[in-house]
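Take a look at the structure set out below.
Every number in this text was worked out from the coordinates using simple rules, so none of it is lab data. Note that the structure is a prediction, hence the values are computed from the model and not measured. Every residue, glycine among them, receives a Cβ derived from its backbone with ideal geometry; neighbour counts consider all protein chains shown.
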Amino acid sequence: MEFPNDLKYTEEHEWVRVEDNIATIGITDFAQSELGELVYVEVESVGEELEQNAEFGTVEAVKTTSELYMPIAGKIIEFNEALDDTKGDNPTLINDSPYGEGWIIKIEISDPSELDGLMSAEEYQKLVGTD
């Protein structure tokens, strides 16, 4: 199981990669392994400004559905088209590459100081009990 050191993590199992004022967000390797094979990803909040911890979408696996939460506040500027059922329709990219091709959204960061409250890779590993 992977825990890249260049990412920040949440207790809800999202990860954040920051480049300038843009953050890429997805779910962790741990989360996708717990959910199993993903069959659908829904994000209807593109273009919206959402607060930290607000729900921005859902992921659906064969036996369960899980909400997705904003790790930090921001405006959603992009949904990964490869996951979208009207475009690429390949949600298993999250299972195959949770930190690469399987990213979910990109946002314009509203408050960069919120990143300070997120976990490091080491802290997240301890949370999920794989350290």
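Taking the range 44-80 on its own, how many of its residues are among the basic types (Lys, Arg) and either under 14 Å from the mean Cα position of the chain (by Cα) or within 13 Å of ILE25 (Cβ to Cβ) (or both)?
Looking only at that region, the number is 1.
Answer yes or no as to whether ILE77 is more than 24 Å from GLU2 (Cβ to Cβ) and assigned to a strand (DSSP E or B).
Yes; evaluated as a whole, the condition is true for this residue.
Every residue in the range 21-46 that is surrounded by 14 or more Cβ atoms within 10 Å (Cβ to Cβ) and part of a loop (DSSP other than H, G, I, E, B), please.
If the condition is that a residue be surrounded by 14 or more Cβ atoms within 10 Å (Cβ to Cβ) and part of a loop (DSSP other than H, G, I, E, B), then THR28, VAL43, SER45, VAL46 are the ones that fit.
Please state which one of PHE3, PHE56 is within 18 Å of LYS75 (Cβ to Cβ) and touching a residue at least 40 places away in the same chain (Cβ under 8 Å).
Only one candidate passes the filter, namely PHE56.
Anything in the range 77-110 that is within 12 Å of VAL46 (Cα to Cα), crowded, with 22+ Cβ neighbours inside 10 Å and of a type in the set (A, V, I, L, M)? List them, or say none.
Hits for the range 77-110 are ILE104, ILE105, ILE107.
For the range 51-73, check the following and say yes or no: at least one residue is of a type in the set (S, T, N, Q), in a strand (DSSP E or B) and surrounded by 16 or more Cβ atoms within 10 Å (Cβ to Cβ).
Looking for residues that are of a type in the set (S, T, N, Q), in a strand (DSSP E or B) and surrounded by 16 or more Cβ atoms within 10 Å (Cβ to Cβ), one finds at least one in the range 51-73, hence yes.
Any residue in the range 61-76 that's closer than 13 Å to GLU42 by Cα: show its pairings with residues that are of a type in the set (Gly, Ala, Ser) and not in a loop (DSSP other than H, G, I, E, B) at Cβ separation under 7 Å, as long as the two are six or more apart or on different chains.
Partner pairs satisfying both residue conditions: LEU68/GLY57.
Scan the range 110-122 and report the pairs whose first residue is in contact (Cβ under 8 Å) with a residue 12 or more places away in the chain and within 20 Å of ASP20 (Cβ to Cβ) and whose second residue is outside any helix (DSSP H, G or I) and basic (Lys, Arg), with Cβ atoms within less than 9 Å and a gap of 6+ or a chain change.
Listed pairs, sorted by first residue: SER110/LYS75; LEU115/LYS8; LEU118/LYS8.
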